[in-house]
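Below you'll find the structure, written out as structure tokens, and then a few comments.
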Amino acid sequence: MKTIILRTASTYLLPVLLMFSIFILLRGHYSPGGGFVGGLIASIAFVLHSFARGLDNTKELLRMHPGFLMPIGLALAFMAGVTPVLFFDLPFMTGLWYPGHLPVLGSLGTALFFDLGVYLVVVGVTLTIIFTISESA
Amino acid sequence: MTQQLVLYPLLLQMFLSILLMFCWRRISWQRVVSIVGSIINVGVSIWLFSYIWENGTQIVQAGNWKPPFGIIFVADTLSATLVLLTAISGLAVSSFSSASVVSARLKFGYFPIFHFLLLGLNGAFLTGDIFNLYVWFEIIIISSFVLITLGGEKAQLEGAVKYFTLNILASMIFLTAIAVLYGLTGSLNMADLAIKVAAIENRGLVEITAILFLVAFGIKAAVFPLYFWLPDSYHTPPSAVAAIFGGLLTKVGVYALIRVFTLIFVGDLFLLNVILILAVLTLFSGGLGALVQNNLRKVFSYLIICHIGYMIAGLGLFTEVAIAGTIFYLIHDIIVKTNLFMVSGLIFRMRGTNSIRNLGGLYADYPKLSLLIAIPLFSLVGIPPLSGFWPKISLIIAGFEAERWWVVGAIIFASLITLIIIAKVWAGVVWKEKIELPKRLNFRYFDKLKSVRKVQMIAPMIFLSLISLYIGFGAEHIQKVSSRIANELIDNQNYIDSVLGSEQNIGHEE
Amino acid sequence: MEVLLAIMIGVLYAAGIYMILRRSLVKLILGIIILGNGANLLIFLLGRVVKGSPPIIPADSDVFQSIYADPVPQALILTAIVISFGLQSFAIILVKRAYKVVKTDDLDEMNAIDKDS
């Protein structure tokens, strides 16, 4: 697997794929995409990196255990769901939207934070699963 | 403040599991957070129950979508009662497991997963959407897979493979059933389904869908031909895990059966007869299975199956008295079965084995604890005035009124066989001469535990035993609750109206 | 299209159940995966297959212009896929551990817990 082509390409592919995953995450509200797909693409980026450079290098790159992304993502999604209950007395998961229009993002709402949470959870879960499987092989 | 009350148990459990995930490595914190959180959860559940008791069925539409669109959470008296019972068992098991589960297991996220399991249970009880029910079921089984394999001993993994396969199969059948139902009606909201299914002309197709649901929930609830996974897996994990499994997991299957067959597929004579026959066979096979086992936890596992039979029998008779008996039995069984598995864990800690042949002399060594153990054991048999007695009366009366003598016979037979089993257990474990076993090395015997840990193990048993006693001696209160639930279930118009006819009440939020 | 899908779903269910009934652990997992795919396709089929009309109301109208594809089955399938993704990866790790500890992938030999303990 560790050909020079893959190794060289993975260095450039990692940021590109991560960028693409964020693009997919942000366009997800009205168009195909969203947190789940974006998260999968991001984890594919890291998996590709680990194929080319070895698992240890990828772990070094990540700095922390990918499992730690799970509680962070869950907390973010949970906050997004619970905000309307706590502050606006609306049912759980009601979409709240910032009325103005923001550049790049379009409109900003709790749904975006929920998706961001999903994104983090998916990255964390997928990487944990794949690292666990490849470590014990 | 009370607008969203239905969701508070869910949100609390979710918050707890996320919080526990953040302190992944700090086990002593996890113990404290879990126990304190469970106490708060009991408080919230009592609040929910009393609110529902006074104000009737409450609903919350997640995301503020109007029914029948979107996911809806419904708390009628049945749901609120089961949420309360989940909270009580959850508190007991949380305290018990912080003492009895070894820290090597706790290190791999026992507590977060445990609270995810409780979240799934609460969600399954509260949801009013059939696909959402599937999702909660998946949350329950994924957490239970983790709990059952945590530690990774040989027996555990073997049990887990069986548990895993059958439960996944059940989920697939459930999903298939949902697909067919959606194809038939184009709806997933249970109240909406109740109306639309009643209007379908092709009854054959409806019946097949109902059978698919029966099979799927039957596997989960361990009903007669589908129970073989249960006694093969429930005795393998730590007893704290077995306690929450034995107390609540099969009961979710029963709850789903009750919900689906009182709301969506109502009053089909063929189906009710099928359920009755399954119930009778479950009573026989569970009872006879328990009779020949020697491992204490396997005996209790078979008794779970046997007693599922009572609840299904009440559902099959489908009169108000019978359903009230089922609900009463459900309430009694959750508390007692949780307690029994904790008792087996306590005995394991005392002696290092769960084999009845090798146990004995408990009364000589621990007279007071033996008395404590007697309460759940004899409540299970239903020696009056203990708690198992009253629901059986309701079931037998309902059987007489419906003139189904064979059901009455099976109920009495199963009670008798339970009595024999419990007498055997009592004689073998508590009264028999003590058998000297070789001391196990590196095993934390009960005597050697710190006194805090001892309290954490004994206190939940006392707590649950007191509740058992209350169910027995304060039976008129429980009977009042269960007749009200039965009334709501038989007359499902109430449920449908509170879900679909509520636009006027909730509409002020826009 | 519907007939083709129906036949395919039947084949997937049959293959899945056949695989689950085999004694090998790996085939068990394959069976679960195939069965899951069958169930997802069934939801897709029973949600009615409609071609080329997304469920979007045009900006200048209040109602749908024509027959539209029901979005709910797709949401259901996505949820079911995500769930089965988690379950299947758990299954693979479980089977691997079980194979290492029990040292067999034959389900018939997994009977240590049936012995009295």
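Some observations on this one:
- Rounded to the nearest 20 debye, dipole of the protein assembly as shown from Cβ charges on Lys, Arg, Asp, Glu: 3400
- In percent, rounded to a whole number, the relative contact order of chain A is 29, using alpha-carbon pairs under 8 Å and six or more apart.
- Once the convex hull of all Cα atoms in the protein assembly as shown is built, its volume per residue stands at 172 Å³.
- Other protein chain C-beta atoms within 10 Å of residue C-beta, averaged over B:289-296: 1.
- Residue by residue along C:71-80, Cβ atoms of other protein chains within 10 Å of the local Cβ number 4 on average.
- Using a Förster distance of 22 Å, the FRET efficiency for A:Ser31-C:Glu2 (Cβ separation, nearest 0.05): 0.15
- Partners of B:Lys392 within straight-line reach, counting lysines whose Cα lies under 16 Å from its Cα and excluding those fewer than 8 residues away in the same chain: B:Lys480.
- Reach of B:Lys454 by Cα under 17 Å, taken over lysines that are not fewer than 8 positions away in the same chain: B:Lys368
- Each stretch of four or more DSSP H residues adds -39500 (n - 2.57); spread over every residue of chain C, this sum gives -22500 deg cm²/dmol at 222 nm.
- Rg/Rg_ref, chain C, where Rg_ref = 2.2 N^0.38 Å and atoms are Cα: 1.52
- Every helix of 4 or more DSSP H residues in chain A counts as -39500 (n - 2.57), and over all residues that averages to -24000 deg cm²/dmol at 222 nm.
- Between the listed residues B:Val481, B:Gly345, B:Ile130, the Cα displaced farthest toward the positive end of the dipole of chain B, a dipole computed from Cβ unit charges relative to the Cα centre, is found at B:Gly345.
- Selection from B:Thr81, B:Gln13, B:Ile46, by position along the positive dipole direction of the stretch B:1-116 (Cβ): B:Gln13
- Exposure proxy ranking for B:Val280, C:Val3, C:Val11, based on other Cβ atoms within 10 angstrom of each Cβ and starting from the fewest, stands as C:Val3, C:Val11, B:Val280.
- Per residue of B:162-168, other chain Cβ atoms within 10 Å of the residue Cβ number 5 on average.
- Counting only Cα atoms, the size of chain A along its three principal axes is 56, 31, 22 Å, in decreasing order.
- Per-residue Cβ neighbour counts within 10 Å put B:Lys454, B:Lys392 in the sequence B:Lys454, B:Lys392, beginning with the fewest.
- Positive-end extreme of charge dipole, chain C - chosen from C:Ser24, C:Thr79, C:Ile9 (charges on Cβ): C:Ser24
- Note: relative contact order over chain B, using C-alpha pairs below 8 Å and six or more positions apart, is 16 percent.
- Simple label model, 7 Å out from Cα along Cβ direction - C:Ala14 to C:Lys51, nm: 2.8
- Virtual spin-label span in nm between B:Phe228 and A:Met79, 7 Å along Cα→Cβ: 5.1
- Annotation for the stretch B:428-482: chymotrypsin sites (Phe, Trp or Tyr not before Pro) lying in DSSP loop with at most 13 further Cβ atoms inside 10 Å of their Cβ are B:Phe443, B:Tyr445.
- Cross-link pairs exceeding 24 Å in C-alpha to C-alpha distance, out of B:Lys162/C:Lys96; B:Lys220/B:Lys337; B:Lys337/B:Lys448; B:Lys337/C:Lys27; B:Lys107/C:Lys27; B:Lys162/B:Lys337, comprise B:Lys337/B:Lys448; B:Lys337/C:Lys27; B:Lys107/C:Lys27.
- Against chain C, whose longest principal axis is taken from its Cα atoms, helix C:71-102 shows a tilt of about 10°.
- The charge dipole of chain B, taken about the Cα centre with unit charges on the Cβ atoms of Lys, Arg (+1) and Asp, Glu (-1), comes to about 2760 debye, rounded to the nearest 20.
- CD proxy at 222 nm, helix term only [per DSSP H run n ≥ 4: -39500 (n - 2.57); per residue of chain B; nearest 500]: -24500 deg cm²/dmol
- Label positions at B:Lys434 and A:Ile22, each projected 7 Å from the Cα along the C-beta direction, are separated by 6.8 nm.
- Cβ-Cβ FRET estimate between A:Leu61 and B:Phe108, R0 fixed at 30 Å, reported to 0.05: 0.75
- Cα centre as origin, Lys/Arg/Asp/Glu Cβ charges: the stretch A:4-135 dipole, Debye: 280
- Considering all different alpha carbon pairs of the stretch B:275-429, the Kirkwood hydrodynamic radius works out to 15.6 Å.
Bear in mind that the values in this text are calculations on the coordinates, not laboratory data. A quick note: this is a predicted structure, and the numbers were derived from the prediction, not measured. Quick reminder, even Gly has a Cβ in these numbers, built from the backbone with ideal geometry, and neighbours come from all protein chains shown.
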